[in-house]
Amino acid sequence: MHRIIYVTGGARSGKSSYALSLALGYANRYFLATAEPFDDEMQERIRKHRLERKEGFTTIEEPLFLDRALSLLPVSADVVLLDCLTVWSGNMMHHLEDDKAIDKCITALLAALPALSCDCIVVSNEVGMGIVPENPLARRFRDIAGIVNQKVAALATDAYLLCSGIPLKLR
Amino acid sequence: MHRIIYVTGGARSGKSSYALSLALGYANRYFLATAEPFDDEMQERIRKHRLERKEGFTTIEEPLFLDRALSLLPVSADVVLLDCLTVWSGNMMHHLEDDKAIDKCITALLAALPALSCDCIVVSNEVGMGIVPENPLARRFRDIAGIVNQKVAALATDAYLLCSGIPLKLR
Amino acid sequence: MHRIIYVTGGARSGKSSYALSLALGYANRYFLATAEPFDDEMQERIRKHRLERKEGFTTIEEPLFLDRALSLLPVSADVVLLDCLTVWSGNMMHHLEDDKAIDKCITALLAALPALSCDCIVVSNEVGMGIVPENPLARRFRDIAGIVNQKVAALATDAYLLCSGIPLKLR
């Protein structure tokens, strides 16, 4: 069976760098990017992430239908780095009409991951360890992102929590 | 001695489900619920939690005086699941007049837990790993909830941090 | 080589108390405080922290140039407790003119820590596990604090995450 390596952590905890370092152990590398450059700050963050990855990856950009993006991987792929589930949760909330459409989209990813013919490294964020947000949309986002984390982590063969740049093995 | 099992984690980290799964290992189960259904969203959350528990528990509802609620448990009880300390901290802040009354209420719980004649599973939340809240009430809540967590966890025979649905053993 | 012991955790997670308990194992103790008493709440927090430390430490207060403060330590010092990096990140953001000045200040600390002639216990905060803050300044603060955590933790010989008062060994 192929490995599904789940890497989570807070903002600026070093999770993307750690996931990258794991991916560099593979030969033919793909990167599945979920971020959409909807403002200047986001463009700058994406630009920095791209620079960090340099030339070592073939990048696929897909904000919503991750199962379809994963189905495009060639059989020659050794690893795909999916970064990240939390941005994806935000995209689903923004673009899909209701909970049912979001559930369908999540279910499709959960079916696609174990069927991959290469290893997969999945990056996510811990967003639920602060105060309950006053904004109802932020609470809904927190719920969706948390459920996505639980469901994907349940499929993982390996899981890490990054804390101040240090990986802590969860599984 | 009876076990005090402390289960913490962020919102949607799977802590209540994990606590439930631990409780299902016992025969005669009690549930001590601290949540008050003060709005529709809360009612919905409570409803979902009740459904998840189904028929396997005798439920006691008590928002404030947890020591009194625990004293109602029959000697035949095998386990009580207390869910959760963080909602309780909010209730104390809302209903009790000052820090002194809150301290008294906390002290009463800390005396009651080790005196139980059955095992106890206590659920709480990590709420202090985000940005310092601008709202002074939110800062005060964060302080109270954090102190409660420290004091109850100090009594625990077992402690877990849930992270993306995965339990990490703290003690 | 001297030890650099990194202690992180959320608000009210018991990190300062745990760092203090570690420091009490040393004879000649110094405390490097980064907090500035800019309002009543902060003054009260500093006062409480001082009381907790009592008479066992020689205190140096320095909000910005931690490398200079560390250079003042006598050779007779056995340990210095630096509390905390997160307040320091806020101070740098508030007082220094731009990212370049902040980088310079961080670089100076990173050079000073391994050159110490005594052990060092460094306290920091996890601030990135909540919802993305709406305020751009808060997002910038979160980025700076997170980068500082990663860089200092990378130098640490020992690292702990405090969770509900329980230390979890990261390294």
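The values are calculated or read from the model by the stated rules, or taken from the named source; none is laboratory data. Keep in mind it's a predicted model, so treat the numbers as computed, not measured. Cβ placement follows ideal geometry from the backbone for every residue including glycine, while neighbour counts extend to all protein chains displayed. What goes into the accessible areas is simple: the full protein's heavy atoms, side chains included, and nothing from ligands, DNA or RNA. Shrake-Rupley method; radii C 1.70, N 1.55, O 1.52, S 1.80 Å.
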Tell me which lysines have Cα within less than 17 Å of C:Lys104's Cα, excluding those fewer than 8 residues away on the same chain?
C:Lys151
Students often check this: by mean Cβ neighbours within 10 Å, which of C:64-76, A:35-47 ranks highest, and how do the rest follow?
C:64-76, A:35-47
Rounded percent of accessible protein surface that carbon and sulfur make up, the protein assembly as shown, 1.4 Å probe
55
Other chains near B:74-82: what is the mean number of their Cβ atoms within 10 Å of each residue's Cβ?
0
What distance in nm separates the two pseudo spin-label positions at A:Thr59 and C:Arg3, each 7 Å out from Cα along the beta-carbon direction?
4.4
If R0 = 22 Å, then C:Asn28 and C:Leu155, at their Cβ-Cβ distance, give a FRET efficiency to the nearest 0.05 of 0.45
Dividing the mean separation of Cα pairs under 8 Å (6+ apart) by the residue count of the range A:111-171 yields a relative contact order in percent of 20
Whole-number percent relative contact order across chain B, with pairs defined as alpha carbons under 8 Å at least 6 apart
39
Using a 1.4 Å probe and counting only protein heavy atoms, how much accessible surface gets buried when B and C come together, both sides summed, in Å² to the nearest 100?
1800
Please state the relative contact order of the range C:54-152 as a whole percent: Cα pairs under 8 Å, 6+ residues apart?
37
For B:Leu96, place a label point 7 Å from Cα along the Cα-to-Cβ direction in every copy; what are the distances to the other copies, in nm, shortest first?
4.2, 4.2
Using a 1.4 Å probe, what is the accessible area per residue for the protein assembly as shown, in Å²?
45
A student asked for the Cα radius of gyration and Dmax of the range C:7-98 in angstrom ought to give 13.3, 40
Residues of the range A:106-145 that bury at least 30 Å² of accessible area, probe 1.4 Å, when all protein chains are present rather than the chain alone, are A:Glu126, A:Val127, A:Gly128, A:Met129, A:Gly130, A:Ile131, A:Arg139, A:Arg142, A:Asp143
Square roots of 5 times each gyration tensor eigenvalue, C-alpha, the range C:4-169, largest first, Å:
23, 19, 16
A:Ala115 versus B:Ala108: modelled label distance in nm, points set 7 Å from Cα along the beta carbon direction
5.7
Per residue of B:150-156, what is the mean number of Cβ atoms on other protein chains within 10 angstrom of that residue's Cβ?
4
Rounded, prolate or oblate, given the Cα gyration tensor of the range C:105-171, with a/c below 1.5 counting as rounded?
oblate
Over chain A, the sum of -39500 (n - 2.57) across DSSP H runs of at least four, divided by residue number and rounded to 500 deg cm²/dmol, gives at 222 nm -13500 deg cm²/dmol
Label the protein assembly as shown by shape, choosing from rounded, prolate and oblate, from the square roots a ≥ b ≥ c of the eigenvalues of the Cα gyration tensor; if a/c is under 1.5 it is rounded, and otherwise prolate applies when a/b is larger than b/c, oblate when it is not.
oblate
For B:Ala138 and C:Gln43, extending 7 Å from Cα along the Cα-Cβ vector and measuring point to point gives, in nm, a value of 2.6
